Amino acid sequence: MDKDGLHSSAHLHARNSAKLLSSTPPEPLSTTPPEERARVTPSSPRRALPARGLRSAAILTVISAIVLAVSSYELIRGDLSTTVAEISAGVALAAFGFLMYGLLKVILALIESAGERRRQAREATERRHTTRS
């Protein structure tokens, strides 16, 4: 406390932080009582969903490759005016960027789906081992 009987802002901040840290986490939003939630087990294993964004990344990659091929072909043909050739070069450059972005997204989505399959296989193996015990 300072001389006027008021708490300093640092003291109030420390006290409020301690309250936040010591507070209990909120209850989950579920209508099932906690004792029943502990007994609920899935009756069938979850099916692996396709990797998030794999389809959209593949579509982006294919469209970008087509745009890149067409704009590059038009540039190589060489019968475009200077302005149209510059626009075509810009489109080719942008399409190349989107092509690389799409390829990276496809690769990352495949890695993610492989990791998810491995995780699900490991969970299934652990379940089998616990039921045998």
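Observations on the model:
- Checking each residue in the range 64-86 for being exposed (fewer than 14 other Cβ atoms within 10 Å of the Cβ) and either of a type in the set (V, I, T) or part of a helix (DSSP H, G or I) (or both) picks out I66, A69, Y73, I76, R77, T82, T83, V84, E86.
- For the range 108-128, the criterion of being more than 27 Å from the chain's Cα centre (by Cα) and in a helix (DSSP H, G or I) is met by at least one residue.
Quick note: the coordinates plus some simple rules give every number you see, no bench work behind them. This one's a predicted model, so the numbers in the text were calculated from it and none came from an experiment. Note that we place each Cβ from the backbone using ideal geometry, even for glycine, and neighbour counts take in every protein chain shown.
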